[in-house]
Amino acid sequence: MSEISEKIEIHRGLKGVYFDRSRVCFIDGRAGELRYCGYTIHDLAENSTFEETCYLLMYGELPRRAELEAFSAELKAARSLPAPIYEVIRAVKDAHPMDVLRTAVSALAAFDPEVADNSREATLRKGIRLSSQVPMIVAAHEHLRNGREPVAPNPKLGHAANFLYMLKGTEPSADAAKLMELDLILHAEHGSNASAFTARVVAGTEANLHAAMTAAVAALSGPAHGGAAENVMRMAQEIGDPAKAADYVKAKRAKREAVMGFGHRVYRAEDPRARHMRAGVERLSREMGQPQWYQILEALVAAMKPYARLGVNVNVDFYAGVVYYLNGIPADLFVPIFAIGRVPGWTVQVLEQFENNILIRPLTEYNGAAPRSYLLIEQR
Ligand SMILES: CC(C)(COP(=O)(O)OP(=O)(O)OC[C@H]1O[C@@H](n2cnc3c(N)ncnc32)[C@H](O)[C@@H]1OP(=O)(O)O)[C@@H](O)C(=O)NCCC(=O)NCCS
């Protein structure tokens, strides 16, 4: 028992705890609402580009045309990796792409001329550089691990299309580029999720953006956070037939295991990002003559209906994985793609932390052994 008389309230997993204010992302989990800087995710999903959304997150306002052009040019100019980074990727190429990404982001700290400058301006410049470098790392790794040389970026293409181009070596169709763009917008920022919180904890110690982002990539790699999209596709493949979805859910729940792509720490209503990806899965699986994927996912939704009443609904990752799969992207790149979208979000979270910095240091209540005497080793 603790000797301290103050009343201790424990919020495991920090559920429901507000630790600071943020002007970037508004989430209403009950209503299923998400807004970036006041703009609903639906308007952004339907009308925006990744570059524009990235600008909005970083500067708080939608850009005017000239501002957007200058910002896009800055992102394009930042599409380069120092030569030793390719060697780092080569050295660890057999690891999971998230481990490779984490290692390469960490290594980039050694080459960024402003690494130790935590001013707002320098942090923004670094955030822009990292926004362009993270997709390059993911694409370069895909080639290097398959014995090919990386594909140089294409300055004619926007952020999303250029990533697909670097990944596949051919220009993507307008449709494929648009879906990737949508995916990156939907993933760009999401308040105090595990990886953004991790980034803020690191920034809270006054470490730099590269350190915070390395830690954020590490946090994102887990299946309870970014890894869900990869696991949803595996689940869909394992189920194989819409008629088997209900039994799959029954078996999972009997073992008290989570069904991937369902549930969220904040959303009780459906994740508002999910519907945009659902439309993509529906269309792609029809167009590509593989309707079973959409049918399996919808059968899973039907089987999970009883849990919807408890606030367990589909999240964005439920549909994202199948979109990537139908675009011919290997399953272990699904989480890195999430990371590509999230770089601006991590950057602004770190910026906000720096703005009014405080060391993040919660407490744990001691419930270990009572005070006892130390015994010399020969007396134990
Ligand atoms: C995301 C996640 C970790 C949130 O966990 P959490 O905040 O602790 O979950 P909640 O408090 O909302 O859970 C409430 C109840 O719903 C159940 N539940 C939550 N997610 C579930 C899921 N995916 N499948 C089945 N049941 C689930 C929980 O087991 C819990 O039931 P209990 O009270 O009987 O134990 C969890 O939902 C999960 O593991 N989902 C699958 C992974 C995933 O898709 N992650 C991506 C998130 S974007």
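The values are calculated or read from the model by the stated rules, or taken from the named source; none is laboratory data. Note that the structure is predicted; figures quoted are calculated from it, not measured. All Cβ positions, even for glycine, are placed from backbone atoms using ideal geometry, and neighbour counts span all protein chains on display.
Given the criterion over 20 Å from G280 (Cβ atoms) and not acidic (D, E), identify the matching residue among S173, S192. After applying the criteria, what remains is S192. The residues of segment 253-285 that are more than 24 Å from I185 (Cα to Cα) and either away from the ligand (no atom under 12 Å from the Cβ) or under 23 Å from the mean Cα position of the chain (by Cα) (or both), listed by number, are E257, A258, V259. The residues of segment 85-94 that are in contact with a Ser or Thr (Cβ under 8 Å, 6 or more places away or on another chain) and either surrounded by fewer than 18 Cβ atoms within 10 Å (Cβ to Cβ) or not in a helix (DSSP H, G or I) (or both) amount to a single one, V92.
Is it the case, given these coordinates, that L44 is touching a strand residue (DSSP E or B) at 6+ places or on another chain (Cβ under 7 Å), buried (at least 19 other Cβ atoms within 10 Å of the Cβ), part of a helix (DSSP H, G or I) and of a type in the set (A, V, I, L, M)? Yes: the conditions hold for L44. Would you confirm whether any residue within segment 164-179 is closer than 25 Å to G38 by Cα, touching a residue at least 60 places away in the same chain (Cβ under 8 Å) and within 16 Å of the ligand (Cβ to nearest atom)? No; the residues of segment 164-179 include none that is closer than 25 Å to G38 by Cα, touching a residue at least 60 places away in the same chain (Cβ under 8 Å) and within 16 Å of the ligand (Cβ to nearest atom).
Is there a residue being under 28 Å from E121 (Cβ atoms), in contact with a strand residue (DSSP E or B) (Cβ under 8 Å, 6 or more places away or on another chain) and of a type in the set (A, V, I, L, M, F, W, C) anywhere in segment 82-100? So far as segment 82-100 goes, no, none of its residues is under 28 Å from E121 (Cβ atoms), in contact with a strand residue (DSSP E or B) (Cβ under 8 Å, 6 or more places away or on another chain) and of a type in the set (A, V, I, L, M, F, W, C). In summary, K178 fulfils each of the numbered conditions (1) buried (at least 24 other Cβ atoms within 10 Å of the Cβ); (2) under 26 Å from Y319 (Cβ atoms) with the single exception of condition (1).
Looking at P82, P63, P97, just one residue is farther than 27 Å from L359 by Cβ, surrounded by 11 or more Cβ atoms within 10 Å (Cβ to Cβ) and without any contact (Cβ under 8 Å) to a residue 12 or more places away in the chain, and that residue is P63.
Looking only at residues of segment 213-243 that are surrounded by fewer than 24 Cβ atoms within 10 Å (Cβ to Cβ) and within 11 Å of the ligand (Cβ to nearest atom), we find that the one that is nearest to A107 (Cα to Cα) is G222.
Each residue in segment 291-329 was checked for being closer than 14 Å to V232 by Cα, in a loop (DSSP other than H, G, I, E, B) and charged (D, E, K, R), and 0 of them qualify. Looking across Y319, Y294, Y267, one residue alone is touching a Ser or Thr at 6+ places or on another chain (Cβ under 9 Å), surrounded by 21 or more Cβ atoms within 10 Å (Cβ to Cβ) and within 22 Å of L182 (Cα to Cα). It is Y294. A search for C-beta distances below 6 Å between a residue of segment 316-333 that is at negative phi and any residue that is of a type in the set (F, W, Y) and within 16 Å of the ligand (Cβ to nearest atom), counting only pairs 6+ apart in sequence or on different chains, returns G321/F334; Y324/F334. In segment 333-352 there is at least one residue matching the filter, namely being among the charged types (D, E, K, R) and surrounded by 21 or more Cβ atoms within 10 Å (Cβ to Cβ). Go through segment 193-202 and give me each residue that's small (G, A, S) and either surrounded by fewer than 20 Cβ atoms within 10 Å (Cβ to Cβ) or within 12 Å of the chain's Cα centre (by Cα) (or both). Those that are small (G, A, S) and either surrounded by fewer than 20 Cβ atoms within 10 Å (Cβ to Cβ) or within 12 Å of the chain's Cα centre (by Cα) (or both): A194, S195, A196. If you go through segment 37-68 and keep only what is out of contact with any Pro (no Cβ under 8 Å at 6 or more places or on another chain) and closer than 17 Å to A160 by Cα, you end up with L44, A45, E46, N47, S48, T49, F50, E51, L68. Is it the case that R12 is modelled with pLDDT of 95 or more, closer than 29 Å to I360 by Cα, within 16 Å of the ligand (Cβ to nearest atom) and not assigned by TED's automatic domain parsing to the domain that holds W346? Taking the combined requirement at face value, the residue satisfies it. Can you confirm whether L34 is touching a strand residue (DSSP E or B) at 6+ places or on another chain (Cβ under 9 Å), part of a helix (DSSP H, G or I) and surrounded by 14 or more Cβ atoms within 10 Å (Cβ to Cβ)? So L34 fails the test. The residues of segment 289-323 that are aromatic (F, W, Y) and more than 15 Å from the ligand (Cβ to nearest atom), listed by number, are W293, Y294. State yes or no: is V202 within 9 Å of the ligand (Cβ to nearest atom), modelled with pLDDT of 95 or more and over 26 Å from M180 (Cβ atoms)? Considered against the rule, which asks whether it is within 9 Å of the ligand (Cβ to nearest atom), modelled with pLDDT of 95 or more and over 26 Å from M180 (Cβ atoms), V202 comes out as no.
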